[in-house]
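Notes to accompany the following structure.
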Amino acid sequence: MAARDTASLLVGLLVLFHTWGVWANVEVNMEDRVEVFRGDTAQITCMFTSSDGVGGMVIQWFYVKPSGEKQKIYYQDTTMKVVDRGTQFTERMSVNGTAATGEIVLTISDVQPVDELEFICLIKGLTDGTGEGRTKLKVFETPERPTIEGVQTGISVNEDGPSKIGVCEVKNGFPKPNITWYRNNTPLRADQDVVKVVPSITTESTKLVSVRSELSMKVTKEDKDNLFYCEITYVVPGGTRMTETNRINITVYYPSTAVSVWVESPKGKIKEGDSIKIHCQGNGNMPSSLFKISKKDSDSTDSNVLMMDDVTRHQSGVYECTSTDTDTFEEISGNTTVFVNYLDPAVLVPKDTVVVDQGEELTATCNALSSLQTQTVWIKNGVEISLGHSLSLKDNTFETAGTYMCVVTVPEIEGMETNGTLTVYVRGRPYILTPENTEIEASYEETINLNCDVRGFPAPSIIWTTSDGKNLETTSQIKTEEGVMSVVSVTVTNDITAFCNASNEFGTDVLAFKITAINHTTTPATTTTISSASAGTPRAKIKPAGSRGFLIAVIIICILLLAILGSVLYFLYKKGKICGRSGKQDLTKEKSSKDNIVVEMKSDNTEEAVLLGVNGEKQPPNDQSGEYLDIQK
């Protein structure tokens, strides 16, 4: 009964105090918000004071559910501390501090986005005074690195509306990250007809947020060079951070407004026979564009490349390239002029062959029609002898006979040339080129080849003869530009003189080869070649060469002296001055072919040769020409 009465008394006093306004004052101070990263530990501090002092205080912690309902998670008085079971914080929270200190700290470990709530600290005093404070717990998670992906196909400027440019995505951030599209450092704002940005948000069970943003635009030609990227902004404790994606470029298809046509190869001037590659390109890049290169009444192709092989001057002209857009059927064109340079065959006047007399002058011309400046040179035997279109040969000789080639070139284009030939024959009596040696020593039965190189036109006929009146069979005979080359083979069995007799309608010439047989018992048969062409100079007279001239002159003088001496002796014999008649011997009994000393002398002014015997009688001449000395014993 006493206890019940005491309680009733206390209740009455409380009602009386409440009625009179005598109520204890409790003040609570808390931060508006506490910010932590996901997974960190959050500490929420509640500081309080009371006019009744700090003894006997009741402390409670609550959080506000998303529905607005309060959920108690902790109770503490002077006798106990209780953590409520079955809440999301039961296993992760702790409370430190006492009423005596005036500060209570709620600690929550491994904070998650679902923990982002408002927390209430409620303090009750002994006299039923109450104080309350509130703090919002803010949780943050840095999102993963953002990605961007552009469209792989090209975008046409002819599209009616915005076309997809690309997609940006950022994952697992909290609170929700923001995505902003940029074009060349300029943010893109949504515009219904030009720019369209479509975001999508995904919230995971952990309350982490992923954001995806798709950009569509109506592109222009200039966008082919523009760079697109995304900027991502997200909140962290104490501020805001930003990151960017990589830059992407898109392929923009746009129609051509002009067409360029050019000769890709060859570079520089074109000549007949070249292969030409003509290229055509518009300043657009529409896949639907078709190209055609053509020349009126000539080559054409349904592509942007025209190939022509072995071109001629007739393929010169204007080549037009037409670009057609198959979507819009619009056409544009461009052109280029192709000129094929030409060089006609050389024309010689006189042409092919010409015959001139010795001492006569010849003028020949060589021209070739060309689209460019030409240069002409005349060549004989591989040597350049004249420069210019005209060739002048004065005082022609057999040495000027031969084949002349005129070569016409175009200095501006390498390899552009033509040529023609003219064969010149010089008309006149034959002459034979004198060899270095016409006196030959050969072993018995040795075969020697004698060459006779004859100049003259018409081509001389050649007959080989010997000093004993025989004709030799020609081994080979070849006509040359200057005359004839004749070869004869002689097998040496005794001393012999071989004659090369050349003649045409204008005269004759003779060359003698004196062959001396040498007996060698063990010498095998060989073949030696003696050529009249080795000297390379014309022969007017047959003369021994080198140091043998002096020896021959001495021999001739000795023979003359012997002849004179013999004549004197014979005269005295007839007069009986010596060797009387009775004792004389017949000096003429021997055959004249063995006794006679025959001397043939021929002057430069007569064709008649006089043979004098020791008896002073005149002998008939042999059928030999030239100046030579024949001694017979």
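The values are calculated or read from the model by the stated rules, or taken from the named source; none is laboratory data. What you see is a predicted model, and the numbers here were worked out from it, not measured in a lab. Counting neighbours? That spans all protein chains shown, and the Cβs are built from the backbone with ideal geometry, glycine included. With ligands, DNA and RNA removed, areas are computed over all heavy atoms of the protein, side chains included. Shrake-Rupley method; radii C 1.70, N 1.55, O 1.52, S 1.80 Å.
A residue that is in a loop (DSSP other than H, G, I, E, B), open to solvent by less than 80 Å² (accessible area, probe 1.4 Å) and modelled with pLDDT under 95 cannot be found anywhere in segment 31-45. Counting only strands (runs of 3 or more DSSP E) that sit completely within segment 310-387, those holding 2 or more residues that are open to solvent by less than 40 Å² (accessible area, probe 1.4 Å) correspond to 317-325, 331-338, 352-357, 362-367, 375-380.
I need the full set of residues from segment 388-417 which are in a loop (DSSP other than H, G, I, E, B) and of a type in the set (Asp, Glu), in order please. Lay out the reasoning, then the answer.
Residues of segment 388-417 that are in a loop (DSSP other than H, G, I, E, B), as a first pass: 388-389, 394-397, 401, 410-416.
Asp395, Glu412, Glu414 - these are the residues of segment 388-417 that are in a loop (DSSP other than H, G, I, E, B) and of a type in the set (Asp, Glu).
Filtering segment 138-154 to residues that are part of a strand (DSSP E or B) and open to solvent by 40 Å² or more (accessible area, probe 1.4 Å) leaves Lys138, Glu141, Thr147, Glu149. Among the numbered conditions (1) crowded, with 16+ Cβ neighbours inside 10 Å; (2) touching a strand residue (DSSP E or B) at 6+ places or on another chain (Cβ under 6 Å), the only one that Val157 does not meet is (2). Of Thr336, Thr363, all but one fail to be within 30 Å of Gly507 (Cα to Cα) and hydroxyl-bearing (Ser, Thr, Tyr); the exception is Thr363. The test for being in contact with a Phe, Trp or Tyr (Cβ under 6 Å, 6 or more places away or on another chain), open to solvent by 30 Å² or more (accessible area, probe 1.4 Å) and within 24 Å of Gly238 (Cβ to Cβ) does not hold for Phe119. If we scan segment 469-476, do we find a residue that is part of a strand (DSSP E or B), open to solvent by 10 Å² or more (accessible area, probe 1.4 Å) and within 26 Å of Asp357 (Cα to Cα)? Looking for residues that are part of a strand (DSSP E or B), open to solvent by 10 Å² or more (accessible area, probe 1.4 Å) and within 26 Å of Asp357 (Cα to Cα), one finds none in segment 469-476, hence no.
A single member of Thr107, Thr79, Thr135 is outside any strand (DSSP E or B) and polar (S, T, N, Q), and it is Thr79. Within segment 61-92, being within 18 Å of Cys46 (Cβ to Cβ), in contact (Cβ under 8 Å) with a residue 24 or more places away in the chain, open to solvent by less than 80 Å² (accessible area, probe 1.4 Å) and not hydroxyl-bearing (Ser, Thr, Tyr) holds for Trp61, Phe62, Val64, Gln76, Phe89.
Is it the case that some residue within segment 340-347 is touching a residue at least 12 places away in the same chain (Cβ under 8 Å), in contact with a helix residue (DSSP H, G or I) (Cβ under 6 Å, 6 or more places away or on another chain) and not hydroxyl-bearing (Ser, Thr, Tyr)? Talk me through it step by step, then tell me what you get.
Taking segment 340-347 first, the residues touching a residue at least 12 places away in the same chain (Cβ under 8 Å) are 340-347.
Now restrict to residues that are in contact with a helix residue (DSSP H, G or I) (Cβ under 6 Å, 6 or more places away or on another chain): 340, 342.
When the remaining residues are screened for being not hydroxyl-bearing (Ser, Thr, Tyr), the result is 340.
Yes; the residues of segment 340-347 include at least one that is touching a residue at least 12 places away in the same chain (Cβ under 8 Å), in contact with a helix residue (DSSP H, G or I) (Cβ under 6 Å, 6 or more places away or on another chain) and not hydroxyl-bearing (Ser, Thr, Tyr).
In segment 295-309, how many residues are assigned to a strand (DSSP E or B) and either over 30 Å from the mean Cα position of the chain (by Cα) or crowded, with 18+ Cβ neighbours inside 10 Å (or both)? Spell out how you get there, then give the answer.
Quick first cut of segment 295-309, residues assigned to a strand (DSSP E or B) only: 300-301, 305-308.
Okay, now just the ones that are also either over 30 Å from the mean Cα position of the chain (by Cα) or crowded, with 18+ Cβ neighbours inside 10 Å (or both), so 306, 308.
Count: 2.
Kindly establish whether Ile276 is touching a strand residue (DSSP E or B) at 6+ places or on another chain (Cβ under 8 Å), under 30 Å from Ile232 (Cβ atoms) and open to solvent by less than 50 Å² (accessible area, probe 1.4 Å). Give the steps one after another, and end with the answer.
Working: touching a strand residue (DSSP E or B) at 6+ places or on another chain (Cβ under 8 Å): yes; under 30 Å from Ile232 (Cβ atoms): no; open to solvent by less than 50 Å² (accessible area, probe 1.4 Å): yes.
No; evaluated as a whole, the condition is false for this residue.
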